[in-house]
């Protein structure tokens, strides 16, 4: 009985759960068991209490186990793939451009001064406003009977700006100049300007400063002058 049981055990062990052809292995196992049963019945002339159906169930159980293991392996591979995909999506890469625009310094220089020349104050009881236009230096008066008079031609102050071509700039200046009881209010042609030319070349621009002064019949006479500043900056 021990030998036959050993043969039966060997038949069972001959089935490998991870065999690529489980049906073929089961067929071979069944054949070996049948041969063993035939030999035993011939030698002992007795029936063998061996449940062949149970053996088939055992083989089927092995097959189910193999399939379960294969499914588990496939699930593990899928899980690793999903995890790897999730890890890859947790980062991203792009590129950007670094650049700089180099410009030459901006500068401003005086071309001419603001000059009212000689003005005649108004007669008793009158007040006159004298104006030199910032745009072109033209003169005008309003109120009273005061006038421009003299050999000196009134002029606006003119400034020339140089810098990087095509660039815009801001203009600022003092609001007024006061001297000897007389205040000259300053007026610019504009608060901004643009240099001619293009980037990479020298550009130039000009602007003017005019003004106005109010005199009465009691305004002290004499030369009234003072300096003022202008500033230009790139926008």
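The values are calculated or read from the model by the stated rules, or taken from the named source; none is laboratory data. Since we're looking at a predicted model, the values are computed, not measured. So basically every Cβ, Gly included, is an ideal-geometry build from the backbone, and we count neighbours across all protein chains shown.
Would you mind finding the one in 178, 204 that is part of a strand (DSSP E or B) and farther than 30 Å from residue 122 by Cα?
It is 204.
Can you find, within the range 119-152, the residue that is modelled with the lowest pLDDT among those that are assigned to a loop (DSSP other than H, G, I, E, B) and under 24 Å from residue 174 (Cβ atoms)?
152
So which residues in the range 181-201 are within 34 Å of the chain's Cα centre (by Cα) and outside any strand (DSSP E or B)?
Matches in the range 181-201: 191, 195, 196, 197, 198, 199, 200, 201.
Would you tally the residues in the range 137-151 being under 22 Å from residue 206 (Cβ atoms) and in contact (Cβ under 8 Å) with a residue 24 or more places away in the chain?
Total satisfying the criteria: 1.
Based on this model, can you work out whether residue 150 counts as closer than 22 Å to residue 123 by Cα and in the same structural domain as residue 120 (by TED's automatic domain parsing)?
yes
Got at least one residue in the range 100-113 being in a loop (DSSP other than H, G, I, E, B), touching a strand residue (DSSP E or B) at 6+ places or on another chain (Cβ under 6 Å) and within 21 Å of residue 183 (Cβ to Cβ)?
Checking the range 100-113: at least one residue is in a loop (DSSP other than H, G, I, E, B), touching a strand residue (DSSP E or B) at 6+ places or on another chain (Cβ under 6 Å) and within 21 Å of residue 183 (Cβ to Cβ).
Search the range 194-213 for residues that are in the same structural domain as residue 134 (by TED's automatic domain parsing) and surrounded by fewer than 12 Cβ atoms within 10 Å (Cβ to Cβ) and pair each with any residue that is in a strand (DSSP E or B) and modelled with pLDDT under 95 when their beta-carbon atoms are under 6 Å apart and the residues are at least 6 apart or on different chains.
Cβ pairs passing all conditions: none.
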